[in-house]
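Since the structure comes first, as structure tokens, the remarks are kept for the end.
Please treat every number below as a calculation from the coordinates, not as lab data. Predicted, not measured: the structure shown is a model, and the values here were computed from it. Please note: Cβ atoms are built from the backbone with ideal geometry, for glycine as well, and neighbour counts cover all protein chains shown.
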């Protein structure tokens, strides 16, 4: 009987021991890939664990508190045949790190601030000493000159006094210069310590997240786990560098992404992709609700102290070059660009190589693409307001992806001309781009004649005549299209009359309020003139404004 009971107990205990729970495993995970959206990022972490047959709890500790718990997903593969079960999350507050070190740093900063105040006092004293010596020399100059002529005291005695005063001023000046240098050095140390203190204090009181994954291993082996989560505090925006070549009729466009993040974890040596998708917008269209209108009935309310303030969510705010060397003669370096993939209505740019993006909000640039776009160039000038011609380019997006709205740095040759903007432009669409001033088109507006005279025996009016000449010259290598804008004065008063005398050539367009516009094509080296003559009549003895 005893043997039978022992045999049955062994049968029961063996399977229980086979599926006994194993101790928790802390995953040593690393960020391997990040997909950045305009207002958040999808982070991928990978960890490899060694399993025996049994049930495990694999813990991913120290995840950012900004991670969206509902977005956490886990997958895995490896030599171990395993099943992944539920994923539990738990938040915890970090204690302020290095309290003693923070206190020491605060004491050090306080000491430097005290030293700075002492130096400031010494500097003020040196300034007072210099003023004292100057005052003595200035106020006694007349007395000295009289006493010197009388021989009391002697010239040598006064020379010694002057030397003493000048030496005192020189010593005070030298002391002040030395104190200024010490204060500048002290300021640099203070800024560095304050920055270090801010970094240390920023880690205190932060929320961290731990994710626990239930894993059942049916066989012994290795399992590579991949954990993904969305995290707030990351953003990217497009930035362009546009290089205009007017003679070739093209704009070379460098399409870049500016990436920054404050997710409380650095992205080191990670594969980075930039997506135009907006997960926050949701997948379903918005729904309309009833729109009620009614008679307004004012309601008197007693004033209540205090004020409510509405918080508005602010959008959370990599240039990589691969240098090549030639054995004999230098050749242009190849610029590595991202791979663009279309996913539904969005585009994902996969950056080349691996990059580091710190969690301090520093902006990094990544090259997305380089495009050579055909452009129709034209010039616009308002000589009355500016003696320059401004270049405009109408570009066609021949890429397979849209150009997102963003700022563009504009270059002409090797010269930086300023900033412009590129609007959202779909593939095959066109966009207007302001490209700044081009000195290749010379513009000049000059007053040729201004004449005043009295007219009319009965009406007794006064007339002021004006004649302006606008000169345009094309020094570009090709024919250019130029639009010139000027104006005639207008008056809302009947007693003030503006009369056009001569406008040559006739404007292409006449707008409201006296606006005039000429559109012309100018050949290389061509020079043209526009004449604008008019007079203004008004009652004699009156003055007019706006002249």
Label model pair residue 287, residue 501: point-to-point distance (7 angstrom along the Cα→beta-carbon line) in nm is 7.4
Could you list 365, 460 in order of exposure, starting from the residue whose Cβ has the fewest other Cβ atoms within 10 Å?
460, 365
Multiply the residue separation of residue 121 and residue 28 by 0.36 nm, subtract the distance between their alpha-carbon atoms, and state the gained length in nm to one decimal.
27.9 nm
Relative contact order for region 441-539: what percent, with Cα pairs under 8 Å and sequence separation of 6 or more?
37
Rg(Cα) of region 364-421 divided by 2.2 N^0.38 Å?
1.38
Report relative contact order for region 439-480 in percent, whole number only (criteria: Cα-Cα under 8 Å, sequence separation at least 6).
49
Test of understanding: ordering 267, 518 by Cβ neighbours within 10 Å, fewest first, what list do you get?
518, 267
Exposure proxy ranking, count of Cβ atoms within 10 Å, fewest first, for 445, 40, 528:
528, 445, 40
Would you mind computing, in nm to one decimal, how far apart the modelled labels at residue 181 and residue 452 are, each placed 7 Å from Cα along Cα→Cβ?
6.3
If I take R0 = 56 Å and measure r between the Cβ atoms of residue 444 and residue 362 in this structure, what FRET efficiency does the formula 1/(1 + (r/R0)^6) give, to the nearest 0.05?
0.75
